[in-house]
Amino acid sequence: MKSPEDLAPFPVPTADGSHTLLHPVLNEHYHSRHGAIQESEHIFINLGLRPKLTGSEGRAVRVFEMGFGTGLNALLTWKLADHLGSVVHYTGLEAYPVESAAQRLLNYDTLVRKQGFDLLHACSWEEQHQLSAFFSFTKHEGFLHRYQADSAYDLVYYDAFSPGAQPELWTVEIFERISEMMTAGAFLVTYSSKGSVRRALAAAGFSVEKHPGPKWKREVIRAVRK
């Protein structure tokens, strides 16, 4: 029998030089092998965060990430918030946190934000941390069906493992629960554009938009809460 250490995620290089992790049990990568950073920037930052910050008129934007994972999306969010001088309150939810040994092997600290990546992972769980004048950060360990939001979110990064690996996280009921946590007009952005995902989002009351995907992916989704 393999030990827990043998089953820990391990780093895999991607086409843009950044790393992702392979989950050995689900046999799923945390990011695209065609480029972890370029995928995250295209979907979560450029399709979700940038337009929300542009339209915020100086108001703070609240971001919720389903699937905190490696912390790459949070790191890119922090970088853009500081660059634009826009206030972002970020909350990440993760059921199975990445072990520190695997996290330390990733290269996001050198490619995205020096020292910031380690700081995200060093932050204690279940507490809010003010990491800069523009970026506050909270991470929760747990499952979505048990999570109680203390505020409504303007933007959701839906970054769970694929519908094939975790179909229970891509249902109408799940998206209805997510919708209850969002403000009117809030965005949900995700990499999956499967027909079943689009139909579940529409049934949950979202207006579903298909957008061009990052390199090697035809389409991604931005859903708007009505």
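The values are calculated or read from the model by the stated rules, or taken from the named source; none is laboratory data. Note that the coordinates shown come from a computational prediction; the quantities given were computed from them, not determined experimentally. Cβ coordinates were reconstructed from backbone atoms using ideal geometry, including for glycine residues, and neighbour counts include every protein chain displayed.
For the reader, a short list of remarks on this structure follows.
- For region 35-73, the candidate set comprises residues that are assigned to a loop (DSSP other than H, G, I, E, B) and within 15 Å of the chain's Cα centre (by Cα); within that set, the residue that is farthest from Phe161 (Cα to Cα) is Gly71.
- Some residue of region 105-126 being in a loop (DSSP other than H, G, I, E, B), exposed (fewer than 14 other Cβ atoms within 10 Å of the Cβ), of a type outside the set (Phe, Trp, Tyr) and in contact (Cβ under 8 Å) with a residue 12 or more places away in the chain: yes
- The residue list Ser179, Ser132 contains one member that is within 23 Å of Ile45 (Cβ to Cβ), modelled with pLDDT of 95 or more and outside any loop (DSSP other than H, G, I, E, B), which is Ser179.
- Restricting region 127-164 to residues that are under 16 Å from the mean Cα position of the chain (by Cα) and of a type in the set (Gly, Ala, Ser), the residue that is surrounded by the most Cβ atoms within 10 Å (Cβ to Cβ): Ala160
- Among the residues of region 109-137, those that are under 16 Å from Ser18 (Cα atoms) and among the aliphatic types (A, V, I, L, M) comprise Leu111, Val112.
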